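Taking it in order: structure first as structure tokens, then the write-up.
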Amino acid sequence: MNMDALAVKELCELGSATIYEASGLPCALPPDFRPAWPGARCAGPALTVTAAPGDNLPLHWAVASASPGDILVVDAGGSKYGYWGEVLAVAAQARGIAGLIIDGGVRDTDRLAELRFPVFSTAVTILGTGKSWPGVIGGRIHLRGHDVANGDLVVADADGVAIVPSSQVDAAVQASRARAAKEAGFMERLREGALTLDLYGFRGLADPEVLR
């Protein structure tokens with residue numbers, strides 16, 4: 001999947017929550033995946049990586065293998081080691097890599113913020129890593145109940161991480177655009193005094209017991 005800058009910008013503006021809800025797919029990673037710094041966001045195709053506990057050699061190979069715009073999506077089994085930091089982020093930026101999603105730990109978060117390199121991880125830790133196993137680049141991985149394949153669409157921001165299967169991307173983007181347009185209309189009506197009960201048709205669901 002190749003995406004130009006305008007497509008990436010649109011996906012980031014739509015956001016992970018809209019992509020997830022509009023797609024109707026179970027594509028949201030668990031909230032364990034959090035941005036390493038406030039404001040981190042990215043969108044692009046996944047380059048999948050499998051790493052062993054406490055060994056970040058596969059991430060060095062992934063940086064060498066990635067294409068511009070790729071987002072590294074790494075299954076490190078949730079290991080709380082510092083797989084990624086300033087050194088790899090600088091190397092990744094030089095190659096045009098768009099971000100990192102890792103079920104594992106990262107460090108140098110202040111430097112990642114200064115570099116503006118988007119990182120989403122399940123831990124922040126200073127523990128070091130070894131360099132023994134080269135890992136697997138581009139294979140199907142399993143992230144906490146979610147299968148991820150090479151080329152799947154990643155959209156990540158402060159709300160969370162959505163990963164859409166490559167075969168469903170066009171439909172998900174079209175549905176997301178429609179949802180965003182509908183909600184923009186709702187916002188105008190809400191500012192004019194309309195109620196969410198009416199806009200979303202909630203009045204018929206249940207009547208509350210009102211105590212005053």
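None of the figures in this text is laboratory data; all of them are computed from the coordinates on show. Computed from a prediction, not measured in an experiment: that's the story for all the values here. Here the Cβ is made from the backbone with ideal geometry for all residues, glycine too, and neighbour counts use every protein chain on show.
Overview of results
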| item | result |
| --- | --- |
| Residue-averaged 222 nm ellipticity for the chain, from DSSP H runs of 4+ at -39500 (n - 2.57), nearest 500 | -10500 deg cm²/dmol |
| Gain in span if fully extended, V136 to E86, counting 0.36 nm per residue against the direct Cα distance | 15.7 nm |
| Kirkwood Rh (inverse of mean 1/r, distinct Cα pairs), region 88-211, angstrom | 18.9 |
| Residues A184 and K9, FRET efficiency given R0 of 22 Å [Cβ-Cβ distance, rounded to 0.05] | 0.80 |
| Reachable lysines, given that their alpha-carbon falls under 17 Å from the alpha-carbon of K131 and they are not under 8 places away in the same chain | K80 |
| Average projection area in nm² (convex hull over Cα atoms of region 1-94, one quarter of hull surface) | 6.8 |
| Candidates D198, D32, D75: whichever shows maximal mean-square fluctuation once the chain is modelled as a Gaussian network with Cα springs under 10 Å | D198 |
| Exposed-loop-free span, longest in the chain, where GluC sites (Glu not before Pro) count as exposed if DSSP calls them loop and at most 16 other C-beta atoms lie within 10 Å | 1-191 |
| Percent of C-alpha pairs per 10 Å bin, region 5-172, short to long | 12, 45, 36, 7, 0 |
